[in-house]
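**Student:** Provided herewith is a single structure, encoded as structure tokens, for subsequent inquiry.
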Protein chains: 2
Amino acid sequence: MPGPDQHNPRGEADLIWLRPERVRRERPSLSRDEITRTAIDLADRDGLEAVSIRRIAAALGAGANSLYWYISSKDDLYELMADEVIGEIALPDPPSGDWRADLRAIAHNTQETFSRHRWFVLLGIQPGLGPKTRRYGQVAMACLDNLHLDLNTKINMLAALNNYLFGFAHRETAWADLQKRTGLTEQQWNDRLRGMIDHAAHQDTELAEHMTARLQLPGEEPFEFGLTCLLEGIAALTNRSPTPRPS
Amino acid sequence: MPGPDQHNPRGEADLIWLRPERVRRERPSLSRDEITRTAIDLADRDGLEAVSIRRIAAALGAGANSLYWYISSKDDLYELMADEVIGEIALPDPPSGDWRADLRAIAHNTQETFSRHRWFVLLGIQPGLGPKTRRYGQVAMACLDNLHLDLNTKINMLAALNNYLFGFAHRETAWADLQKRTGLTEQQWNDRLRGMIDHAAHQDTELAEHMTARLQLPGEEPFEFGLTCLLEGIAALTNRSPTPRPS
DNA sequence: TTGACAACCCGTACATCGTACATCTAACGT
DNA sequence: ACGTTAGATGTACGATGTACGGGTTGTCAA
């Protein structure tokens, strides 16, 4: 990484979504799509840190720097990957009309997709303006339609939900990485953790309790619990007044 | 990064928190603390990607690889940084007794600390078993004490809250990074975004609305909104401390 | 048919990274 | 006095992202 680079001499906001994909003439053997899919496969199999320009190129049978014709930086690639992942989330389209059920479904599908691509939350990228992301936002919005709320409130609701989903996914990812970092299988890792807790319990009950707490954090039940809290809270706020104010 | 490395031939779960800091004899000029603080300062000033072993060493006036005596890998360093950041969060200790107010305070302080160290959520590390993190968990637990819930429920509540906080911080960080990536000042960036929205509104009103929505996501008001939702939902689920409001 | 120009691809090169390893120095236990 | 070890360093290796310049092929005007 040769220096920060001023990166934008002309002051253009250079988002990939505002640039058209280069038109396919005849020769091109690559495309943004292929590149993105290959990158995602690599990340799924070997983790995000295994995603390198060279490796993608190699997997595509292309030269090392060929990709730079289609993307202008690795961050661009990340943005493409993010949008693609968002696109994998199954959506209730059209919404059923029951906003709570719809949001719950979206939440579950999102969680499921995130856990198939655990690296997602490590991209450090807010899914931006890509087409798949926009569709996601659009459908989520539509789920709230017959509540007749103002735009601002709807946005806040969905943001809260998404924040929760991101946070949960982050925790899961971090746990998985921690386990991987030790080089143990999941079984070995769990056994060892239990052992550590038992051992700690003898000299430091507080530590043992703390570890127990952390141990059970990822999983179905805590996810459901938090999700229910959020939806319940949203419902409470909408029943009250059109513009809820924090106490 | 020379290969994955099996990393743990003997199958030891090698967490930094289970190893004592090397005892200080006389000569040592470095310490985990100094290293951690230097790393944090670097990250605050120049971003997480500017945190390299060599740069930290240079900043400490030490040789390139001296740090490896104190930490055994860069991931270890991340763990130390995370614990340190958690330690900066102001806590209501002892709790006031009003669990809602206490959790709200913790949430605000956490958010405030995270936004001073935006790189935190990019560590890809779940704050683990470090002393500061344990204290955080301990105090948060104590806030729920006089609700007399079972351990499991309390853990789920705090997890939900923390997930939300992580998610929100992630969004803020991602936005800030996006802006930085364009190389524009915040002012320029906002102007440009507004311009893009206005421009988009002519040909694609849906896109314009979508961008508007995203534009306002980080900020005080959405944070407060989601936080209130969560606390309200928690209250509803415990049907302790009932929300006295017939719609 | 020819030539110019663009689209596309790739090889080389550079700065930088994490860290394994061998080695040096100075304090310590005996 | 002397070996042992804690602490610090230098060198080296395999990677990485990407700037750059030159190649190759297709398209289109003349």
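**Student:** Checking B:VAL121 against (1) of a type in the set (A, V, I, L, M, F, W, C); (2) in contact with a helix residue (DSSP H, G or I) (Cβ under 7 Å, 6 or more places away or on another chain); (3) open to solvent by 10 Å² or more (accessible area, probe 1.4 Å): exactly one of these is not met. Which one?
**Tutor:** Of the numbered conditions (1) of a type in the set (A, V, I, L, M, F, W, C); (2) in contact with a helix residue (DSSP H, G or I) (Cβ under 7 Å, 6 or more places away or on another chain); (3) open to solvent by 10 Å² or more (accessible area, probe 1.4 Å), the odd one out for B:VAL121 is (3).
**Student:** Related question: Kindly indicate whether any position in the stretch A:216-236 is within 8 Å of chain B (Cβ to nearest Cβ), modelled with pLDDT under 80 and in a helix (DSSP H, G or I).
**Tutor:** Checked the stretch A:216-236: no residue is within 8 Å of chain B (Cβ to nearest Cβ), modelled with pLDDT under 80 and in a helix (DSSP H, G or I).
**Student:** Okay, moving on. State whether one or more residues within the stretch A:86-103 are of a type in the set (A, V, I, L, M), within 13 Å of chain B (Cβ to nearest Cβ), within 19 Å of the chain's Cα centre (by Cα) and within 16 Å of DNA strand D (Cβ to nearest atom).
**Tutor:** Within the stretch A:86-103, not a single residue is of a type in the set (A, V, I, L, M), within 13 Å of chain B (Cβ to nearest Cβ), within 19 Å of the chain's Cα centre (by Cα) and within 16 Å of DNA strand D (Cβ to nearest atom).
**Student:** More than 30 Å from B:THR228 (Cα to Cα), buried (at least 21 other Cβ atoms within 10 Å of the Cβ) and either at pLDDT below 95 or away from DNA strand D (no atom under 16 Å from the Cβ) (or both), is that true of B:GLU49?
**Tutor:** Here the answer is no, as B:GLU49 does not meet what is asked.
**Student:** Also, I was wondering about something else. Taking the stretch A:120-147 on its own, how many of its residues are closer than 11 Å to A:LEU91 by Cα and free of Cβ contacts under 8 Å to residues at least 24 places away in the same chain?
**Tutor:** 2
**Student:** Now for a different question. Could you look through the stretch B:60-77, keep only residues that are in a loop (DSSP other than H, G, I, E, B) and among the hydroxyl-bearing types (Ser, Thr, Tyr), and pick out the one that is farthest from DNA strand C (Cβ to nearest atom)?
**Tutor:** Per the stated criteria, the residue is B:TYR70.
**Student:** Residues of the stretch A:88-97 being modelled with pLDDT of 95 or more and surrounded by fewer than 16 Cβ atoms within 10 Å (Cβ to Cβ), which ones?
**Tutor:** A:GLU88, A:ALA90, listed by residue number.
The values are calculated or read from the model by the stated rules, or taken from the named source; none is laboratory data. This is a predicted model, so every value here is computed, not measured. All Cβ positions, glycine included, derive from the backbone under ideal geometry; neighbour counts span all protein chains shown. SASA here: full protein model, heavy atoms, side chains in, ligands and nucleic acids out. Shrake-Rupley method; radii C 1.70, N 1.55, O 1.52, S 1.80 Å.
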